[in-house]
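Colleague: Before anything else, here's the structure in question.
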Protein chains: 4
Amino acid sequence: MRAMVLRAPLQLEADEVSAPRPDPRHVLVRMTHSGICGTDFKIYSGAIPVSYPRIMGHEMFGEVVETGGAEAVKRGDRVIIDPELYCGECFHCRIGQTHLCPNGLLVGRDTDGGFAEYLNAPASHVYHVPTAIDSQTAPMIQVLTTCVHAQRQIDIVPGESIVVFGLGVTGQLHVQLAKARGASPVIGVTRSPEKRALAESLGADLTIPGGEGAIDRVRDATEGRGADVVIETTGVLLSVASAVKMARSGGRVLLFGIITAEEGALPFYDLYFKELALINSRVAKSEDYPSAIALVQRGALRLEPLVSDVMPLGELKAAIGMLGSTSGPRMKIILDHG
Amino acid sequence: MRAMVLRAPLQLEADEVSAPRPDPRHVLVRMTHSGICGTDFKIYSGAIPVSYPRIMGHEMFGEVVETGGAEAVKRGDRVIIDPELYCGECFHCRIGQTHLCPNGLLVGRDTDGGFAEYLNAPASHVYHVPTAIDSQTAPMIQVLTTCVHAQRQIDIVPGESIVVFGLGVTGQLHVQLAKARGASPVIGVTRSPEKRALAESLGADLTIPGGEGAIDRVRDATEGRGADVVIETTGVLLSVASAVKMARSGGRVLLFGIITAEEGALPFYDLYFKELALINSRVAKSEDYPSAIALVQRGALRLEPLVSDVMPLGELKAAIGMLGSTSGPRMKIILDHG
Amino acid sequence: MRAMVLRAPLQLEADEVSAPRPDPRHVLVRMTHSGICGTDFKIYSGAIPVSYPRIMGHEMFGEVVETGGAEAVKRGDRVIIDPELYCGECFHCRIGQTHLCPNGLLVGRDTDGGFAEYLNAPASHVYHVPTAIDSQTAPMIQVLTTCVHAQRQIDIVPGESIVVFGLGVTGQLHVQLAKARGASPVIGVTRSPEKRALAESLGADLTIPGGEGAIDRVRDATEGRGADVVIETTGVLLSVASAVKMARSGGRVLLFGIITAEEGALPFYDLYFKELALINSRVAKSEDYPSAIALVQRGALRLEPLVSDVMPLGELKAAIGMLGSTSGPRMKIILDHG
Amino acid sequence: MRAMVLRAPLQLEADEVSAPRPDPRHVLVRMTHSGICGTDFKIYSGAIPVSYPRIMGHEMFGEVVETGGAEAVKRGDRVIIDPELYCGECFHCRIGQTHLCPNGLLVGRDTDGGFAEYLNAPASHVYHVPTAIDSQTAPMIQVLTTCVHAQRQIDIVPGESIVVFGLGVTGQLHVQLAKARGASPVIGVTRSPEKRALAESLGADLTIPGGEGAIDRVRDATEGRGADVVIETTGVLLSVASAVKMARSGGRVLLFGIITAEEGALPFYDLYFKELALINSRVAKSEDYPSAIALVQRGALRLEPLVSDVMPLGELKAAIGMLGSTSGPRMKIILDHG
């Protein structure tokens, strides 16, 4: 089959490889669309080392070719694939934290992924996608599951205020998800005027630029108290500090962005005085897939405005390159496998 | 002041009584609008005995005349009043279950209520109502708080399916609240075509008549599984049994309607086999007022379609009589104090 | 291998059958001890029909003979086996409710079970048992998991009062588990003086006979309020009604016993007025196994006082017969496979 | 009445002041015992400025002299007093977060406190103490409430492992509370051999010195995984970093110690990768008093081993001085009002 093969960092090329063979309890999927993620860029650049050759890609959509005896799907079904594999036997799997399985593997990083003609996936990891969902945006449901998983960890009473800090793809999803849960006002924070406009078109009640006055503006929009919930998606420590300051006393702060800095200033006393919790979230669980699919199917969230580019699979290299460039606000790039 | 005084069961008349005097930490409110509730009918008819004379009315809206030193409101503020008084010293009050206080009093039943020119309320029980909320519908926020309180007791993941059994005023509020929380589909069940039409205009994804086929239709609308959540608002045991059958395995059943029958058939084995919880809810807590106000203020719920009649306070007797009549689908009656 | 084979209802005999063969990701276990459960009696009597011939037994303990490549255990490990198999592909499995899987199978009912020399179990269902746990009582850990699963569904703040209604094997486990969680007082209710004495020796702060005065006695022991939590283990509707009356306003009622009656009297108005939830629980999840093992390992619960009889596997028929007899209070019967 | 009056920082002296007069809904208490807290030291030294003259003291125990019409207590009752006053009218009070009331006052800091002959407290803030609880240790129940409040924010399944970092008075209480909830093993961490010995005598399963090897030792004691829960009581950022490293993937970290440093190193990536939540806790709510009283009454926790010194009220100045000294491990100092 045709696949995009990474032979070493930066050495990515289209090639013919042997197609996966049907396995029992595995579903063979002909991939038709996939999404590119920051993780793909890191694998491509070598920042995340993998064993080579490797086929990347973990935001995947396609059509069932063989069911391997699985009953959940049938031939011809349109499906997405949960890329998080787990062992099923360790402590974490047994207590239901499969997403934290120490033996876990990510399809497209630790095993061959979706930038190819076919993929063989465990039946338990394949989800039927209703016709109401567009093929081109379907790979983004995987991204949405990580937002659903994160927001499961914060209760929201309808009418509560939420700040979303950072309005990239996941920030825009968090804005929409918060609206779908009845949060109000939902306030987006970013420097980019384009992203603010996008968030407002997707339902944000208010957007504000980051920086100096942002904390005051959040307070103004929340009767002087600060937001009930702040979702931080940038991973920048300075933003985390602002997020803490934006939260009201007794509120909640969800850290969705991955913080890589190991040292820096945080208003720890505020955490105590306002009795806040810094809640972290990582990837998703299988329970998040039915939820994410239902949300998109019923129109509670819109994915297509988050697609900035659709390119053929063969142009993967160019597409990944765009992720690294700084020209203009780019959202999700979708690959059409043609 | 002018007030509607109940001197004995069925003996209700307009009269002049002495107005309440301002107390410290109490807010004197000039009542402008109030709502009538089934409880008022029961007090009027004598089914709920009270000490006479009594001024009824616990769905209340008005304007602050004196603040009694309270800082939360100021003269001229438009306000609603939480009618559930509690002692603050008992076990239940101390553990935060003020709504279950054994010494609790209901304004309009155990103390004089809102069918009058003035009411004096503890500052802690008075809530400022933003101008975005219409005066005429504001008394219904008290009703909404009981729905918010109930739905707090069931987590909803957006995209989950909810059945609301019974589409009277509270059923219509539950439908809207479920939609505001991202539930989908929200399915209303009632015999009345008018109430079904109303629920659909307020956002219900589907409505179905009760009776024979209802359980199957719910199953059809939920991929054969049954609903994630069923909210029962009628209090009829037969409907509770249907509600249990409509819930999916691992779902939740919220009993909002008050069951008065003491004996009858319930599918108890289903409760076990589907591992359901029968969750009951009673009145509301102060925490539900800010939420209910925010929801109405931001347009997440609409109250005015639930008002079927607006009448002058002086016609209270006729209005209460309408509650007992059976002609046609009647929703909330609002009294304009003129 | 040697096994106890049920050829038809009431036709149970020792026989030679072919031993299970090692499968990949399956662990072959040489069974050394097993427990008998009411379900076994129902299968034996034909009340629960199965496909014949069938080897019963789902409370199982033994030693690993082959690991089938599984890494969680090694040859010679002492293990228990979770008998609840699930498909892993259905909606319930994907949302983490594996115990409600509609395709689920019970080992010893739907597949051959533990009353045999060997059993082959999925690696994910095999749990290592530390040496601190006695072989003879180890099969009862499966029973304990169902109690752990049930009590997960009720939060307990240490110092809260708990009534356990019914003091059979599961009642005695619930008493101990409640004590381990800091509940106080823990009050056991049963007619049997022997079971009351046993519960007291296992930590119950108070035990009382059922019947007339029980509700008052619970109230006396809880400052007049009723218990914070009531756990009902008998499944008798009359006891459920008492359980509701024993719970304090704002408390919780856990229905652990399976109610088979379809009709009867319940104090529904109390459910509303006290804002209670009737919480049901069914079987257990894999997350309950590490917890149950840790509790027994650390001495937080004692299982051996709950063993009333130890008999050789060959006497299974006689042992099952004892379950049906009415002479005296009998707790758990353990089979020693010799 | 006789009282210890702080006239300015460091100027503390016994004096005659006018006794508080009975107020409606206030309970007049003759103080018999009180505890000294780090906050008292900060007020005394001027680090926490107050309005002078001020009577300090917020860990209080005494006997009811006048009930002010309150029904919860009667003359002669032995009582403790919740020192956290709140306004009852603000947003936080209305949503049940009274402990975060922005208008809140601390008795003994913002109003006159318990280092005196009499105190007048709102009836809602006075708790009856059963005879099973010793007068001398009763003031410490206020400290225990802050631990109960904190541990309410972390669910514990019995059999889970807990590390308590820092074994001062609150650390020793957390150890005992964790044991009472069924946690096992409970591991205490401190440099002080005396505190370790004390923790072990109070039920800690294991204690280890802080520093280099501590993280490894926690891992060894938890099957290589790290602890399910870590409670940090020191407020030292370096310890917080260790606490994060000691927690297992998917575990929880409770920050009980107040962090005053504004800058420093934390393993943020670990927070993400292990999907941890940093949960903060501040003071207590009224719901924590019945729980704390029940726990001590029933012997689930022992307070008297935490009392290192009992001194007459008149020696308050010397007692406070001992808090600042560094000689030896000192736990709680109780003042006997004689």
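Colleague: Testing the spin-label approximation: label points 7 Å from Cα along Cα→Cβ at A:Asp110 and C:Ala265. State their distance in nm.
Modeller: In this crude spin-label approximation the distance works out to 6.0 nm.
Colleague: For B:Thr32, which sequence-distant residues (separation of 5 or more, or a different chain) have an amide H within less than 5 Å of its own amide H, given hydrogens modelled in the peptide plane?
Modeller: Result for B:Thr32 returns B:Phe61, B:Gly62, B:Glu63.
Colleague: Something else: Can you quote the Å³ per residue value for the convex hull of the Cα atoms in region C:212-338, rounded to an integer?
Modeller: That works out to 182 Å³ per residue.
Colleague: Next question. Among B:Lys195/C:Lys245; A:Lys74/C:Lys74; A:Lys179/B:Lys274; B:Lys274/C:Lys74; B:Lys245/C:Lys274; B:Lys317/C:Lys245, which pairs are too far apart, with a Cα-Cα distance over 27 Å?
Modeller: Result: B:Lys195/C:Lys245; A:Lys74/C:Lys74; A:Lys179/B:Lys274; B:Lys274/C:Lys74; B:Lys317/C:Lys245 exceed 27 Å.
Colleague: With each label point set 7 Å from Cα along the Cα-Cβ vector, what nm distance links A:Arg191 and D:Glu16?
Modeller: If labels sit at A:Arg191 and D:Glu16, their model points lie 7.0 nm apart.
Colleague: Here is a follow-up. Show the residues, 5+ positions off or on another chain, whose built amide H is closer than 5 Å to the amide H of B:Glu66.
Modeller: Placed amide hydrogens put B:Leu28 under 5 Å from B:Glu66.
Colleague: Here's something else I'd like to know. Which angle between 0 and 90 degrees, to the nearest 10, do you get for helix A:237-246 versus the longest principal axis of chain A when only C-alpha atoms count?
Modeller: For helix A:237-246, the angle is close to 50 degrees.
Colleague: At A:Thr39, with labels set 7 Å past Cα in the Cβ direction, how many nm apart are the copies from this one, shortest first?
Modeller: 3.7, 4.6, 5.3
Colleague: A further question follows. Is the shape of region A:8-55 rounded, prolate or oblate, going by the alpha carbon gyration tensor and its root eigenvalues a ≥ b ≥ c, with a/c under 1.5 for rounded and a/b larger than b/c for prolate?
Modeller: prolate
Colleague: How big is D, in µm² s⁻¹, for the protein assembly as shown by Stokes-Einstein at 20 °C and 1.002 mPa s if Rh is the Kirkwood radius over C-alpha pairs?
Modeller: Answer from the Stokes-Einstein relation: 64 µm²/s.
Colleague: Multiply the residue separation of C:Met1 and C:Ala132 by 0.36 nm, subtract the distance between their alpha-carbon atoms, and state the gained length in nm to one decimal.
Modeller: Gain in length upon complete extension: 44.2 nm.
Colleague: Which whole-number percent is the relative contact order of chain D (Cα, under 8 Å, 6+ apart)?
Modeller: 18
Colleague: Based on DSSP H runs of at least 4 residues, each adding -39500 (n - 2.57), what is the mean residue ellipticity at 222 nm of chain D after dividing by all its residues, to the nearest 500 deg cm²/dmol?
Modeller: -7000 deg cm²/dmol
Colleague: Which of rounded, prolate, oblate describes region B:34-121, given a ≥ b ≥ c as roots of the alpha-carbon gyration tensor eigenvalues and a/c under 1.5 marking rounded, otherwise prolate only if a/b is larger than b/c?
Modeller: oblate
Colleague: Please report the Cα spread of region C:43-88 along all three principal axes, rounded to whole Å, starting with the longest.
Modeller: That works out to 39, 25, 16 Å along the principal axes.
Colleague: Which residue in B is nearest the B/D rotation axis when you measure from the C-beta atom, and what is the distance in Å?
Modeller: Residue of B nearest the axis onto D, distance in Å: B:Gly96, 3.
Colleague: Further, regarding this structure: Using Cα-Cα distances under 8 Å and only pairs 6 or more residues apart, what relative contact order does region A:230-321 have, in percent?
Modeller: So the answer I get is 23 percent.
Colleague: Then there is this: Using a Förster distance of 30 angstrom, determine the FRET efficiency expected from the C-beta separation of D:Arg330 and D:Asn103, and round it to 0.05.
Modeller: 0.30
Colleague: So how long is each side of region B:105-258 along the principal axes, counting just the alpha-carbon atoms, biggest first, in Å?
Modeller: 54, 32, 30
Colleague: Here is a further query. How about region D:57-100: which GluC sites (Glu not before Pro) there lie in a loop by DSSP and see at most 13 other Cβ atoms within 10 Å?
Modeller: Counting only loop positions with at most 13 other Cβ atoms within 10 Å, the GluC sites (Glu not before Pro) in region D:57-100 are D:Glu71.
Colleague: Here's something else I'd like to know. Under a Cβ-only charge scheme (Lys and Arg +1, Asp and Glu -1), can you give me the dipole magnitude of the protein assembly as shown about the Cα centre, in debye to the nearest 20?
Modeller: Here the protein assembly as shown has a charge dipole of around 0 debye.
Colleague: What does the highest-first list of C:281-290, B:104-113 look like by mean Cβ count within 10 Å?
Modeller: C:281-290, B:104-113
Colleague: I'd like the mean, over residues of A:96-102, of how many other protein chain beta carbons sit within 10 Å of each residue's own Cβ.
Modeller: 4
Colleague: In nm, one decimal, shortest first: how far is the label point of C:Leu238 (7 Å from Cα along Cα to beta carbon) from the matching points in the other copies?
Modeller: The projected label point of C:Leu238 is separated from its counterparts by 3.0, 6.9, 7.5 nm.
Colleague: If you take every DSSP beta bridge whose two residues both sit in the protein assembly as shown, what share of them, in percent to the nearest 5, is antiparallel?
Modeller: The antiparallel proportion sits near 60 percent.
Colleague: Rounded to the nearest 10 degrees, what's the angle between the helix B:288-297 long axis and the longest principal axis of chain B, both from Cα atoms, 0 to 90?
Modeller: Rounded to the nearest ten degrees, it is 80.
Colleague: Would you mind classifying chain B by shape? Square roots of the alpha carbon gyration tensor eigenvalues, ordered a ≥ b ≥ c; an a/c under 1.5 is rounded, otherwise it is prolate if a/b is larger than b/c and oblate if not.
Modeller: It is prolate, given that a/c is not under 1.5 and a/b is the larger ratio.
Colleague: For chain A, give me the percentage of DSSP beta bridges that are antiparallel, rounded to the nearest 5 percent.
Modeller: DSSP beta bridges in chain A are roughly 55 percent antiparallel.
Colleague: Put a label point 7 Å from Cα along the Cβ direction on A:Phe273, then list its distances to the equivalent points in the other copies in nm, shortest first.
Modeller: Ordered by distance, the counterparts are at 3.4, 4.8, 5.9 nm.
Colleague: Report the label-to-label distance for A:Phe273 and D:Gln153 in nanometres (one decimal), using points 7 Å from each Cα along the Cα→Cβ vector.
Modeller: 1.6
Any read-out appearing in this document is the output of simple, stated calculations on the displayed coordinates, not a laboratory observation. Because the structure is predicted, anything quoted here is derived from the model rather than measured. Methodologically, a virtual Cβ is constructed for each residue, glycine included, from the backbone with ideal geometry; neighbour enumeration extends over all protein chains shown.
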